[in-house]
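Trainee: Have a look at the structure that comes next, please.
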Amino acid sequence: MTKIPTPLGESQNIATSLARVREGLSKAARAVGRSAEGVTLIAVSKTHGVEAVRAAIAANQRHFGENRVQEAEEKFPILKAAHPDVVLHLIGPLQTNKAKEAVSLFDVIHTLDRPKLAEKLKDEMAKQNRHLPCFVQVNTGREPQKAGIAIEDLGAFVALCRDQYKLPVVGLMCIPPVADEPSPHFAFLRKLAQEQRLSQLSMGMSSDAELAVRLGATHVRVGSSIFGQRNQGQESISES
Ligand SMILES: *Cc1c(COP(=O)(O)O)cnc(C)c1O
């Protein structure tokens, strides 16, 4: 299902898709008495080229998400130089040996999920004097293969990150199991965040972003609804 439209057609598609996604999120926010400004739309540009990101920037999109450090390094330095107000979110698992590059390029980290990574990020942020807001990723579906801190370890982990390491922990993030109905996971993440006195929630993707907003998401991560389907071959290497 690889589609190869003309560049002009593609940028129009992206602008149109972005408008549709924004409209849906605004409606969802209003439906539960929230303001649309309380929801940050992160356009997930993984596997898509610089031109696609430029088209989104031209349509006033500023928050972008990438899940691999190396791919982001190939695309974003030039884009950020041209558009200093672009905010780049790391939404994929981070290896400690890439923490240095991640702290230097990204602006927000959504995948803080283990003590070793927390320690490394604390050191790197101090070294670079770049204190990036972090979301703690929670493995709400208890999936053995999935990243994220175990639910029962969350309290101690947040305390370690926030109180001991002084990391700017702003909220929680989750990726519900693909086979599950997502709403119980979103509702649960919200409850966990309240318990930890964290105000931000990174949850919801193309298929369930509006639902996530109705359940309190402050950050939704939307890829295919904006940029179109990803190439399957690239998808398989999409986790670093
Ligand atoms: C790829 C990805 C998304 C976006 O997925 P879509 O279904 O294309 O919207 C959101 N969150 C994470 C963590 C991802 O890796």
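Trainee: Net charge near ARG221: determine it from the other residues with C-beta under 11 Å of the C-beta of ARG221, scoring Lys and Arg +1 and Asp and Glu -1.
Mentor: Residues close to ARG221 contribute a combined charge of -1.
Trainee: Give the accessible surface of the chain per residue, rounded to a whole number of Å², with probe radius 1.4 Å and ligands, DNA and RNA excluded.
Mentor: 47
Trainee: Hey, how many Å between the Cα centroid of region 124-189 and the Cα centroid of region 86-104?
Mentor: What the calculation gives is 15 Å, centre to centre.
Trainee: Here is a follow-up. Given labels modelled 7 Å from the Cα in the Cβ direction, how far is it in nm from ARG20 to LYS191?
Mentor: Spacing of the two 7 Å Cα→Cβ label points: 3.5 nm.
Trainee: Picking from SER35, SER224, SER199, which is most flexible by a Gaussian network model of the chain using Cα springs under 10 Å?
Mentor: Highest fluctuation of the listed residues: SER35.
Trainee: Moving on to the next point. In whole Hz and in residue order, list the ³J(HN,Hα) couplings for region 46-53 that follow from phi through the Karplus curve 6.51 cos²θ - 1.76 cosθ + 1.60, θ = phi - 60°; x for Gly and Pro.
Mentor: Running phi through 6.51 cos²θ - 1.76 cosθ + 1.60 with θ = phi - 60° gives 3, 6, 9, x, 4, 5, 5, 5 Hz.
Trainee: Through the Karplus equation 6.51 cos²θ - 1.76 cosθ + 1.60, θ set to phi - 60°, convert the phi angles of region 158-166 into ³J(HN,Hα) values in whole Hz; use x for Gly and Pro.
Mentor: Karplus values, whole Hz, x for Gly and Pro: 4, 4, 4, 5, 7, 8, 7, 8, 6.
Trainee: Please build a GNM for the chain, connecting alpha carbons under 10 Å apart, and tell me which residue among ASN67, ASN13, ASN97 fluctuates the most.
Mentor: Residue with maximal mean-square fluctuation among ASN67, ASN13, ASN97: ASN97.
Trainee: Work out, step by step, the length gained on full extension between ASP163 and GLU181: first 0.36 nm times the residue separation, then minus their alpha carbon distance; give nm to one decimal.
Mentor: Contour length minus the Cα-Cα distance gives 3.1 nm.
Trainee: Here's another thing I want to ask about it. From the cross-link list LYS100/LYS191; LYS27/LYS146; LYS27/LYS75; LYS100/LYS166, which pairs have alpha carbons spaced over 26 Å apart?
Mentor: LYS100/LYS191; LYS27/LYS146; LYS27/LYS75
Trainee: In whole Hz, what ³J(HN,Hα) sequence does region 196-203 give by Karplus (6.51, -1.76, 1.60; θ = phi - 60°), x for Gly and Pro?
Mentor: 8, 6, 10, 9, 10, 10, 9, 7
Trainee: Separate question: Count the net charge of all other residues whose Cβ sits under 15 Å from the Cβ of LEU105, scoring Lys and Arg as +1 and Asp and Glu as -1. Intermediate results must be reported in sequence, preceding the final value.
Mentor: Numbers: positive: LYS46, ARG68, LYS75, LYS80, LYS98, LYS100, LYS127, ARG130; negative: GLU66, GLU71, GLU73, GLU74, GLU101, ASP107, GLU124.
With Lys, Arg at +1 and Asp, Glu at -1, the net is +1.
Trainee: Moving on. If each DSSP helix of 4+ residues adds -39,500 (n - 2.57) and the sum is divided by the residues in the chain, what number results at 222 nm, nearest 500 deg cm²/dmol?
Mentor: Numbers: 10 runs with 102 residues, N = 240.
Computed ellipticity for the chain at 222 nm equals -12500 deg cm²/dmol.
Trainee: Tell me, which longest segment in the chain has none of the trypsin sites (Lys or Arg not before Pro) that fall in DSSP loops with at most 13 further Cβ atoms within 10 Å?
Mentor: For trypsin sites (Lys or Arg not before Pro) (loop position, at most 13 other Cβ atoms within 10 Å), the longest site-free span of the chain is 4-129.
Trainee: I need the shape label for the chain. Rule: rounded when a/c is under 1.5, else prolate if a/b > b/c, else oblate, with a, b, c from the alpha carbon gyration tensor.
Mentor: Judged from the Cα gyration tensor, the chain comes out oblate (a/c at least 1.5, b/c at or above a/b).
Trainee: Accessible area of the chain with a 1.4 Å probe: how many percent of it is carbon plus sulfur?
Mentor: On the chain, the fraction of accessible area on carbon and sulfur atoms equals 52 percent.
The values are calculated or read from the model by the stated rules, or taken from the named source; none is laboratory data. In this text, all values refer to a predicted model and were calculated from it rather than measured experimentally. We place every Cβ from the backbone using ideal geometry, glycine too, and count neighbours over all the protein chains shown. Note: accessible area is taken over every heavy atom of the protein model, side chains too, but ligands, DNA and RNA are not part of it. Shrake-Rupley method; radii C 1.70, N 1.55, O 1.52, S 1.80 Å.
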